[in-house]
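> Here's a structure for you.
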Amino acid sequence: MRASPFVLTLLISLSLLSSPLQAETLVRFVTQHFPPFSYIEQGQVAGPARALIDRACEATQVTCVHQLLPWQRAQKMVQLGRQDAMYVIGANPERDRWVLYSRALLSTEYGFFVRGDDPLHSVTAESLEGYYVAALAASNTLKSLQRLRDQGMKFEIIEVNDSQTGFRLLSVGRVNAVYSNRDVGHSLIRAAGYDQMHYAVADRRLDYFIGFNPELVEADWLAKFNQQLKLMAESGETERTLKRYGLKSP
């Protein structure tokens, strides 16, 4: 018995709806206000981190959506499974327990910002002795600075609740230096018009990653996503993207 045109149309429609190729894969990313890497522009999350992620999402045929939240809330949303991934993050032992890291998304460095008349040019016990150094509380930068002090360097750490406060203290001479991400520091200095301070010396290079909730991300897709990030880095696409935003690798 021949099937009616209506039945054939219905069967074809159901087949298409059930096909994996037709199902839209949605990956939910969350970030923080962290210029120059991520910020809001014209009501949308913007910056080089999103540009790189969107390119890899496009190549792996998934739809990626982005939301910007306060950082503590953003991390909690990923932990609770209400978001799939967060960016940009550095690796640390605490995160290692619950985060699945992507391939490195981009590279940067930590170092010291000082006022224009400060002669600091090296990271040694002698050069930093007696300094008061501001660093962002509960951050990877603070952990890195504490490691230097644990090595026997004699400086005082002033913890601040936001990066802007650290540079404001430096601008009025309340601290001798700010220990910060190089690119974040440059961005804050430009925004505030602090022309009397500069990046004096680098301490360490580091990579920034995307952190995925391992219970939500599909291993096969993440492997393809990481492969795309690798291809972008090797082809120079990552470097060209960073240059569009005025950034460079260390």
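The values are calculated or read from the model by the stated rules, or taken from the named source; none is laboratory data. These numbers come from a predicted model, not from an experiment. Neighbour counts run over all protein chains shown; Cβ positions are idealised from the backbone, glycine included.
> Limited to the stretch 62-73, what total is found for residues that are more than 16 Å from the chain's Cα centre (by Cα) and either assigned to a loop (DSSP other than H, G, I, E, B) or touching a residue at least 60 places away in the same chain (Cβ under 8 Å) (or both)?
Total meeting the criteria: 1.
> Please work out if ALA177 is of a type in the set (Gly, Ala, Ser), surrounded by 13 or more Cβ atoms within 10 Å (Cβ to Cβ) and not assigned by TED's automatic domain parsing to the domain that holds ASN92.
yes
> How many residues are assigned by TED's automatic domain parsing to the domain that holds VAL88, among the polar types (S, T, N, Q) and over 18 Å from ALA59 (Cα atoms) if we restrict to the stretch 203-250?
Count: 1.
> Return yes when VAL184 is surrounded by 17 or more Cβ atoms within 10 Å (Cβ to Cβ), in a helix (DSSP H, G or I) and among the β-branched types (Val, Ile, Thr) and no when it is not.
Taking the combined requirement at face value, the residue satisfies it.
> For the stretch 112-141, give me the residue count where each residue is within 17 Å of the chain's Cα centre (by Cα) and at pLDDT 95 or above.
Here the count works out to 0.
> Here's another thing I want to ask about it. Within the stretch 121-128, is there a residue that is under 30 Å from GLN196 (Cα atoms) and touching a Phe, Trp or Tyr at 6+ places or on another chain (Cβ under 6 Å)? It would help to see each step written out before you state the result.
Let us first name the residues in the stretch 121-128 that are under 30 Å from GLN196 (Cα atoms), namely 121-128.
Then drop every residue that is not touching a Phe, Trp or Tyr at 6+ places or on another chain (Cβ under 6 Å), which leaves 128.
There is at least one residue in the stretch 121-128 that is under 30 Å from GLN196 (Cα atoms) and touching a Phe, Trp or Tyr at 6+ places or on another chain (Cβ under 6 Å).
> Condition (residue is part of a loop (DSSP other than H, G, I, E, B), among the aliphatic types (A, V, I, L, M) and at pLDDT below 95) applied to the stretch 146-158: is it met by at least one residue?
No, there is no match, as no residue in the stretch 146-158 is part of a loop (DSSP other than H, G, I, E, B), among the aliphatic types (A, V, I, L, M) and at pLDDT below 95.
> Ok, one more. Can you name the condition, by its number, that TYR101 falls short on among (1) surrounded by fewer than 16 Cβ atoms within 10 Å (Cβ to Cβ); (2) under 19 Å from the mean Cα position of the chain (by Cα); (3) modelled with pLDDT of 95 or more?
(1)
> Mind checking which residues of the stretch 210-229 are among the charged types (D, E, K, R), loosely packed, with under 14 Cβ neighbours inside 10 Å and in a helix (DSSP H, G or I)?
Within the stretch 210-229, just ASP220 meets the criteria.
> Looking only at the stretch 191-206, which residues are buried (at least 16 other Cβ atoms within 10 Å of the Cβ) and at pLDDT below 95?
If the condition is that a residue be buried (at least 16 other Cβ atoms within 10 Å of the Cβ) and at pLDDT below 95, then LEU206 is the only one that fits.
> Separate question: Working only within the stretch 74-126, note down all residues that are in a helix (DSSP H, G or I) and touching a strand residue (DSSP E or B) at 6+ places or on another chain (Cβ under 7 Å). Break it down stepwise before answering.
Initial filter on the stretch 74-126 (in a helix (DSSP H, G or I)): 74-79, 93-96, 125-126.
Passing the criteria: ALA74, GLN75, MET77, VAL78, ARG95.
> I've got another one for you. Taking the stretch 129-147, which residues are surrounded by fewer than 19 Cβ atoms within 10 Å (Cβ to Cβ) and either among the aliphatic types (A, V, I, L, M) or touching a His at 6+ places or on another chain (Cβ under 9 Å) (or both)?
Listed by number, the residues that qualify are ALA137, ALA138, LEU142.
> Got a sec? Which of ALA49, ALA59 is aliphatic (A, V, I, L, M), under 10 Å from the mean Cα position of the chain (by Cα), modelled with pLDDT of 95 or more and under 19 Å from LEU242 (Cα atoms)?
From the options ALA49, ALA59, the qualifying one is ALA49.
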